[in-house]
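Report on the structure given below.
Rule-based calculations on the coordinates, nothing more; no lab input. Because the structure is a prediction, the values reported are computed rather than measured. Neighbour counts run over all protein chains shown; Cβ positions are idealised from the backbone, glycine included.
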């Protein structure tokens, strides 16, 4: 039991980005479902969810030169791909486009949600994140340590944001059961 607890609390940073990515996917899917006024809202939510999961690791894999055999970084870690303003701009612009039934909007929105979740997970590390200009760090712990806290916070935020959607669905289900029981 002790080794199990140790494995959970000493989660690798990559695993934390994946776990927070699923939370970002839930957040993105919920916001797309609430913002979309088209017949494709379910498709948009699915696309946003999948894109957020992919976007949650994007700031790291976008740094890798996939076109070379060495697969080394083509830019310095936590520079352009971790720039907060770029991810926020993509999030805001794609959110505004959600109401216009553009198929790319839920994809970009989900991807940006995942990317921002990645930045939020990296922020407590000493290396920090370049939100505006230069890196800023909360300097709470080293990468790979205490990632369970970040995962729990991400999932708590996801559950809190999804709460109104669950409440509305639960109300409809209870109403349906009351109607059927009569």
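For the reader, a short list of remarks on this structure follows.
- Inter-site label distance for residue 173 and residue 18 at 7 Å from Cα along Cβ, in nm: 2.9 nm
- Nitroxide proxy distance, nm - points 7 Å out along Cα→Cβ at residue 149 and residue 180: 4.6 nm
- Remark: spin-label model distance residue 131-residue 43 equals 3.8 nm, labels positioned 7 Å along the Cα→Cβ axis.
- Applying 1/(1 + (r/R0)^6) with r as the Cβ-Cβ distance of residue 100 and residue 165 and R0 = 22 angstrom yields a FRET efficiency of 0.50.
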